[in-house]
1. Within straight cross-link reach of Lys151, meaning Cα distance under 18 Å, which aspartates and glutamates are found once same-chain residues fewer than 8 apart are removed?
2. Where the centroid of each part is defined by its Cα atoms, how far is the stretch 223-254 from the stretch 350-399 in Å?
3. What number, rounded to the nearest 500 deg cm²/dmol, is the helix-based mean residue ellipticity at 222 nm of the chain, given -39500 (n - 2.57) per DSSP H run of at least four residues and division by all its residues?
4. Mean Kyte-Doolittle of at least -0.5 and a Cα length of 20 Å or more along the axis: which whole DSSP H helices of the chain meet both?
5. Counting other beta carbons within 10 Å of each Cβ, put Ser341, Ser390, Ser504 in order, fewest first.
6. Taking amide H positions as placed in the peptide plane 1.01 Å from N, state which residues far from Arg239 in sequence (5 or more) or on other chains have amide H under 5 Å from it.
7. List, in order, the whole-Hz ³J(HN,Hα) value for each residue of the stretch 8-21 obtained from phi through the Karplus relation with A = 6.51, B = -1.76, C = 1.60 and θ = phi - 60°; use x for Gly and Pro.
8. For Glu303 and Asp61, what does the FRET efficiency come to when R0 = 45 Å and r is the distance between their Cβ atoms, rounded to the nearest 0.05?
Amino acid sequence: MGRCVSVPPELTGRGWLNTAAPLALRDLRGRFVLLDFWTFCCINCLHVLDELREIEEAYADELVVIGVHSPKFVHEADPDALVAAVERYGVHHPVLDDPDLTTRQAYTARARPTLVLVDPEGYVVAHYAGEGHAHAISALLATLISEHRSKGTLQPGDSPYVPPTVEPTDLRFPAKAVPLPDGRVLLADAGHDAVVLLSASGSVEQRFEGFREPNGLCLVPPSPGLDYDVVVADTVGHRLAGLSLATGVVTTLAGDGRQWFEGDGVSRLSSPRDVVWWRDRVWIAMAGVHQLWTFDPVTSSVEVVAGTANEGLLDGPLLDAWFAQTSGFAVDGNRLWLADSETSSLRYIEDGLVQTAVGTGLFDFGFRDGPAADALLQHPLGVAVLPDGSVAVADTYNGAIRRFADGQMTTIATDLSEPSGLYVEGRDLVVIESAAHRLTRIPLDARVAADDFSHTTQRPVTSVAATVRLDVPFTPPPGQKVDDRFGPSSQLLITSTPPGLIRSGEGRGTALTRDLVLDPHVGDGVLHIAARAASCDIGEGDGAACHMHQQDWGVPVRISADGGAVLTLPPGGAWT
C-alpha cells in the first residue's frame with residue numbers, strides 16, 4: 001500500500017462532542033489518528049463503531065479515534081439528534097459534527113463508512129471504505145508502531161475523550177413493543193440491553209437481561225418442545241434469542257454472536273432489526289445484509305427468503321428484490337408490510353412479490369402527504385396495521401406518525417422524538433418515542449397537517465468520459481495474501497441508476513478492473529459498485545484463517561468530453 005506524502009486537511013465542522021476542547025491534527029502529532037467518517041442512519045457505520053472498540057482499547061496510548069459525523073438525512077444534521085445518537089450507540093471517542101460535509105469532502109470520502117489512518121508525523125498512510133477492516137488496521141498499526149518507536153516519532157499520550165453526562169431514566173432508547181393478552185406490554189429497552197415487562201399502567205414490572213441492543217419482538221404460538229414464547233431480534237448480538245416469560249430464561253435460537261460476512265451461509269446473522277410471526281415462521285428483517293430471512297421454531301432452520309444483499313429499492317420476485325435496512329414489520333393477512341429505512345419507503349410482500357407503496361430510492365426523502373406517487377417519508381423504522389385496514393408508519397426522522405390508505409398518505413401526529421415502533425391498544429395508537437425514552441398514546445382518529453419538504457441527498461459528482469476504465473485495486477492486509485485456492489479471489493458487480501446509463505460493462509465479473517461504456521444522452525447518473533475479495537493468513541498452511549472483504553460505492557457521475565478516462569475506488573488507492 002502506498003503512502004501519501006501530503007499533509008491531510010484539517011478537521012472543520014460545526015462543533016465537537018465527547019471532548020473538552022476542539023481538536024486539531026497538528027495537536028495530535030506523535031500519535032496515530034484514525035478518522036471514522038460515519039452517519040448514524042447507516043448500519044455499516046454502526047458495525048464499524050463496534051469493530052473499532054477492541055482496537056481503541058488495544059492501542060489506547062498510541063491511537064486517537066475521531067468520528068467525523070457527515071449526515072445523509074436532514075434529521076441527522078440536527079445537533080440534538082447527533083448528541084442522542086452518540087449516546088445511543090456508545091461512541092467513546094471524540095466526534096466532529098460535520099453537517100455541511102466539509103471535512104468529508106476534503107478527504108474525498110465517497111463511501112459510508114470511510115476510515116483514514118494518519119501517522120504520528122501527520123501523513124495519511126491508509127484509506128479504507130466500508131466495514132470489516134479491524135484485522136487490517138490492527139495489523140498495520142502493529143507494524144507502524146514499531147517503525148515509529150524506532151524513529152522516535154511516536155509519543156503516546158492520554159485520550160482526549162470526555163464522556164457526556166447522562167441522566168438516568170427507567171427506559172433508554174426503547175425500540176419496539178408487543179402487547180400481551182393479559183394487558184401487559186413487552187418492550188425492547190435497547191439502551192439498557194434488556195427486554196422489559198410493563199404493567200397495564202406502564203410501570204416496569206420485570207427486566208430480562210442478556211441482550212445487546214434488542215429491537216424487534218414477536219410472540220410465537222405454543223408448540224410441543226418449545227421452551228420460549230417470545231423471539232427477540234438481538235441486534236448488536238447478531239442473533240435471534242428465545243425468551244421464556246415464565247422462567248426468564250434467554251436462549252440463543254440462531255447466530256453465534258458474531259456478525260455475518262460473505263461465505264458464512266446462515267450460521268451467523270447481521271444486525272436483525274425486527275421479527276414477526278407470519279406463515280408459520282419467524283420472519284427476520286436482516287438489516288445488516290439488506291435481506292429477509294426466516295426461522296422455523298420446529299426445525300430450528302434458518303433460510304434466506306428475500307433480497308440479493310444489494311442495497312437499494314428494486315421490486316419483483318422475493319429473491320430478486322433489493323432492500324435497504326428493513327427495520328419494521330406488520331402482518332395483514334396474506335400481506336406483509338415493511339418499513340425500508342434507507343430508501344425511506346413503505347413496501348409489502350404479497351403473492352411472492354415485493355412491491356413498493358411509497359418511496360423511490362436511497363437518496364430521495366422528505367415529508368409530504370398526498371397520492372402515493374408524490375408522498376415522502378424520512379427513514380421510517382416501524383409499521384402497524386390499524387383496525388380499519390389502513391397502515392400506520394413510524395416516520396422516524398420526521399418525528400411523525402403517518403397513515404397510508406387507499407393510495408393516499410396522511411399525517412396522524414408530529415413533534416415526536418424518533419418514533420421507532422407502534423401498536424394498537426383500544427382506540428389509541430401507542431408510539432415508542434425512542435429518543436424521548438417513553439411510550440406515547442395518540443388517538444386513532446387524529447390528523448394534522450404535514451410540513452411539506454422534499455430532499456435529495458447531495459453527493460460530489462465525478463466527471464467521467466463516455467468510455468471509462470473502472471479500477472478497484474485490492475491489497476491484502478499485512479500478514480495476508482490473496483486467496484485464490486478455489487478459483488478467482490474477487491468479484492465485481494456494477495449496476496446503475498438509471499439502468500440505461502451503462503451501455504456495456506454492467507453486471508457481475510471476477511476482475512477488479514472493467515471498461516464501461518456510458519450513454520452520453522443520459523448524461524448524469526449513479527454507478528453502483530460492489531466489490532469482494534478473499535484473502536488468507538500467510539504461513540498457516542491448511543489452517544490459515546480466511547477473510548472476506550466487501551466494499552460498496554454509490555458514485556454520482558456526469559459524462560463530459562473532458563471527463564476522466566479512469567475512475568479509481570477508493571480515491572486514495574487500494575482498499576484492504
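Computed from the coordinates by the stated procedures, all read-outs in this text should not be read as laboratory data. Computed from a prediction, not measured in an experiment: that's the story for all the values here. Don't worry about glycine lacking a Cβ; one is built from the backbone with ideal geometry, like all the others, and counts go over all protein chains shown.
1. Asp61, Glu62, Asp119, Glu121
2. Centre-to-centre (Cα) distance: 30 Å.
3. Rounded to the nearest 500, it is -2500 deg cm²/dmol.
4. Span-like helices in the chain: 43-58, 134-151.
5. Ser504, Ser390, Ser341
6. Those lying under 5 Å, H to H, from Arg239 are Asp234.
7. Listing the rounded values in order: x, x, 6, 8, 10, x, 7, x, 10, 10, 6, 7, 6, 8 Hz.
8. Once the sixth-power term is evaluated, E becomes 0.45.
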